[in-house]
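Enquirer: Questions regarding the structure given below will be posed in turn.
The values are calculated or read from the model by the stated rules, or taken from the named source; none is laboratory data. What you are looking at is a predicted structure, and each value in this text was computed from that prediction instead of being measured. Cβ sites come from the backbone with ideal geometry, for glycine too, and all protein chains shown count toward neighbours.
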């Protein structure tokens with residue numbers, strides 16, 4: 001895992017490690033985004049999350065996001081890691097580190113990366129609530145099926 | 001060809017992988033095959049498809065030694 005810039009792991013993430021991967025003398029800024037497990041969503045209490053990934057493809061897609069960033073923002077360096085398995089409240093699910101000569105690019109690119117992760121990286125989270133459990137999907141509501149999910153007739157088929 | 005399922009879709013099929021002895025099929029045909037095997041796996045209808053870890057279109061061809069994955073809407077981050 002050392003020196004790998006785009007990876008999926010079931011071990012706790014270390015933001016400092018990713019930050020160090022992107023730091024270089026030419027950089028004037030390193031932006032590190034940490035996505036963590038939130039306890040309450042719309043009043044409903046989460047006990048923990050379970051993340052599953054299509055690991056091989058997910059790592060490819062994280063690397064693709066890195067390439068997109070380097071095309072859009074010159075002289076940036078990027079590293080992204082995503083956790084799988086059971087995560088408790090406040091644990092880091094994803095860490096994105098971007099360095100750039102000036103701060104604006106690093107901040108914009110980090111924001112771009114997390115949005116792209118939610119679009120193209122095959123990772124899924126399962127919510128464990130006090131009263132139930134469910135796989136979560138389509139957070140961006142960009143499902144290519146207009147109804148956004150199975151309709152009544154599909155469920156009955 | 002190898003067919004992979006993940007997350008909620010894996011729960012619906014009850015397995016993470018099936019093998020289809022078939023020389024060639026479109027992605028759409030693979031999707032129909034999955035539904036014929038697992039009629040209650042409705043998530044396959046809204047799943048994105050990938051062949052050998054790249055997203056594909058419904059009319060793309062899958063070959064015998066390919067790996068097809070059906071990906072429910074993702075929720076990483």
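Enquirer: Residues that are touching a helix residue (DSSP H, G or I) at 6+ places or on another chain (Cβ under 8 Å), more than 9 Å from chain B (Cβ to nearest Cβ) and at pLDDT 95 or above, at least 2 per element: which strands (runs of 3 or more DSSP E) completely within the range A:79-157 meet that?
Expert: Ranges flagged: A:92-100.
Enquirer: Which residue is nearest to residue B:8 (Cα to Cα), if the candidates are limited to the range B:53-69 and must be surrounded by 15 or more Cβ atoms within 10 Å (Cβ to Cβ) and facing another protein chain (nearest Cβ under 10 Å)?
Expert: Only one residue tops the list, namely B:69.
Enquirer: Looking only at the range A:102-127, filter to residues that are more than 15 Å from the chain's Cα centre (by Cα) and surrounded by fewer than 17 Cβ atoms within 10 Å (Cβ to Cβ); which one of those is nearest to residue A:7 (Cα to Cα)?
Expert: Here is the first cut: in the range A:102-127, the ones more than 15 Å from the chain's Cα centre (by Cα) are A:102-108, A:127.
With the extra rule that they be surrounded by fewer than 17 Cβ atoms within 10 Å (Cβ to Cβ), the set shrinks to A:102-104, A:107.
Working: A:102: 26, A:103: 25, A:104: 25, A:107: 21 Å.
Within the range A:102-127, the match that is nearest to residue A:7 (Cα to Cα) is A:107.
Enquirer: Tell me, which residue of the range B:6-51 that is assigned to a loop (DSSP other than H, G, I, E, B) and touching a helix residue (DSSP H, G or I) at 6+ places or on another chain (Cβ under 7 Å) is nearest to residue A:121 (Cα to Cα)?
Expert: Per the stated criteria, the residue is B:47.
Enquirer: Tell me which residues, restricted to the range B:3-28, are within 14 Å of residue B:68 (Cα to Cα) and surrounded by fewer than 15 Cβ atoms within 10 Å (Cβ to Cβ).
Expert: Matches in the range B:3-28: B:16, B:17, B:19, B:21, B:22, B:23, B:24, B:28.
Enquirer: Say whether the condition of being closer than 29 Å to residue B:55 by Cα and free of Cβ contacts under 8 Å to residues at least 40 places away in the same chain is met by at least one residue in the range A:80-100.
Expert: Looking for residues that are closer than 29 Å to residue B:55 by Cα and free of Cβ contacts under 8 Å to residues at least 40 places away in the same chain, one finds at least one in the range A:80-100, hence yes.
For (1) over 19 Å from residue A:50 (Cα atoms); (2) out of contact with any strand residue (DSSP E or B) (no Cβ under 6 Å at 6 or more places or on another chain), each residue gets a yes or a no:
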| residue | (1), (2) |
| --- | --- |
| B:3 | yes, no |
| B:16 | no, no |
| B:36 | yes, yes |
| B:53 | yes, yes |
| B:66 | yes, no |
| B:69 | yes, no |
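Enquirer: Do the conditions hold for residue A:21, that is, is it under 20 Å from residue A:137 (Cβ atoms) and not in a loop (DSSP other than H, G, I, E, B)?
Expert: The answer is no for residue A:21.
Enquirer: Got at least one residue in the range A:55-71 being in a loop (DSSP other than H, G, I, E, B) and touching a strand residue (DSSP E or B) at 6+ places or on another chain (Cβ under 7 Å)?
Expert: no
Enquirer: Is it the case that the range A:58-71 has a residue that's within 24 Å of residue A:30 (Cβ to Cβ), buried (at least 20 other Cβ atoms within 10 Å of the Cβ), within 14 Å of chain B (Cβ to nearest Cβ) and touching a residue at least 60 places away in the same chain (Cβ under 8 Å)?
Expert: Yes, the range A:58-71 contains at least one residue that is within 24 Å of residue A:30 (Cβ to Cβ), buried (at least 20 other Cβ atoms within 10 Å of the Cβ), within 14 Å of chain B (Cβ to nearest Cβ) and touching a residue at least 60 places away in the same chain (Cβ under 8 Å).
Enquirer: Take the range A:24-43 and flag every residue that is in contact with a strand residue (DSSP E or B) (Cβ under 6 Å, 6 or more places away or on another chain) and either closer than 24 Å to residue A:134 by Cβ or assigned to a strand (DSSP E or B) (or both).
Expert: A:29, A:30, A:31, A:32, A:33, A:34, A:35, A:36, A:37, A:39
Enquirer: Under 7 Å between Cβ atoms, at least 6 apart or on separate chains: pull out the pairs that start in the range A:1-24 with a residue that is modelled with pLDDT under 95 and end on any residue that is loosely packed, with under 15 Cβ neighbours inside 10 Å and in a strand (DSSP E or B).
Expert: Correct list of pairs: empty, since none qualify.
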